[in-house]
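See structure below.
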Amino acid sequence: GPGAAHAHPADVSDEDAPREIAAAARDALGGIDLLVNNAAIDGEGAPYTALEAAHWRRVLEVNVTAAFLLGKQAAIDMSARGVGGAIVNVSSINGLVAEEHFADYNTSKGALIALTRSMSVDLARDGVRVNAVCPGYTLTEMTAQTLSDPNTRAHIEADIPLGRVGTAAESA
């Protein structure tokens, strides 16, 4: 019913995952009304000239290609049902302002913003709204280790107008 949600664990970088996720949503809920593309991995944290091509590709695969594939399948499902819907891509402030030693992550999040623009234009006539949110540093599993170092955290928080990292609830 309204407000219901369904979790379906999957490796979003697997090209078969979107079809499996959509099928699970149809079985559990009758279809997809909302998709939040939030899966991401961090950058290598290395200077640009030291970045490994394999890690570069993996970051783009998880942070951009998975959102493309999942968004495409969700939009196909929404269009087929004629109900419209919404897709929210979770990008990052790093897609707008580069962080040193994170060319891979910065690029992936900038690409996700560009993908969001394209999706919103292409899917509007089908009643599918597509938006991106671009949170700054947020305490998550992915950032927990970095933020556990008091000096690193103080350095990061010094650049945040609020004076602290955000929370997942604030982004939601």
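The residue that is farthest from Gly84 (Cα to Cα), counting only those in the range 123-172 that are charged (D, E, K, R) and surrounded by 13 or more Cβ atoms within 10 Å (Cβ to Cβ), is Arg153.
Out of all the residues in the range 130-139, is one or more modelled with pLDDT of 95 or more, touching a helix residue (DSSP H, G or I) at 6+ places or on another chain (Cβ under 7 Å) and part of a helix (DSSP H, G or I)? No, the conditions are met nowhere in the range 130-139.
One residue alone among Val83, Val59 is assigned to a helix (DSSP H, G or I), aliphatic (A, V, I, L, M) and either open to solvent by 30 Å² or more (accessible area, probe 1.4 Å) or over 22 Å from Ala7 (Cβ atoms) (or both), and that residue is Val59.
Taking the criterion of being of a type in the set (Asp, Glu) and more than 24 Å from Ala111 (Cα to Cα), the residues of the range 122-158 that qualify are Asp149, Glu157.
For the range 15-26, the criterion of a residue being under 17 Å from the mean Cα position of the chain (by Cα), under 26 Å from Thr152 (Cβ atoms) and in a helix (DSSP H, G or I) is satisfied by no position. If only residues of the range 86-118 that are of a type in the set (Val, Ile, Thr) and surrounded by 15 or more Cβ atoms within 10 Å (Cβ to Cβ) are counted, the one that is modelled with the lowest pLDDT is Ile93. So, in the range 148-172, of the ones that are assigned to a helix (DSSP H, G or I) and in contact with a Ser or Thr (Cβ under 9 Å, 6 or more places away or on another chain), which residue ends up nearest to Ile76 (Cα to Cα)? Result: Ser171.
State yes or no: is Gly71 small (Gly, Ala, Ser), surrounded by 15 or more Cβ atoms within 10 Å (Cβ to Cβ) and more than 23 Å from Leu123 (Cα to Cα)? No; evaluated as a whole, the condition is false for this residue.
Inside the range 1-47, residues that are among the acidic types (Asp, Glu) and more than 20 Å from Gly85 (Cα to Cα) make up a count of 6.
Can you tell me which residues in the range 3-52 are within 17 Å of Ala75 (Cα to Cα), open to solvent by less than 40 Å² (accessible area, probe 1.4 Å), of a type in the set (A, V, I, L, M) and in contact (Cβ under 8 Å) with a residue 24 or more places away in the chain? Of everything in the range 3-52, those that are within 17 Å of Ala75 (Cα to Cα), open to solvent by less than 40 Å² (accessible area, probe 1.4 Å), of a type in the set (A, V, I, L, M) and in contact (Cβ under 8 Å) with a residue 24 or more places away in the chain turn out to be Val12, Ala17, Ile21, Ala22, Ala25, Ile32, Leu35.
The values are calculated or read from the model by the stated rules, or taken from the named source; none is laboratory data. This one's a predicted model, so the numbers in the text were calculated from it and none came from an experiment. Ideal geometry is used to build each Cβ from the backbone, glycine not excepted, and the neighbour counts take in all protein chains shown. Ligands, DNA and RNA are stripped out before the accessible areas are found, and what is left, the full protein with its side chains, is counted by its heavy atoms. Shrake-Rupley method; radii C 1.70, N 1.55, O 1.52, S 1.80 Å.
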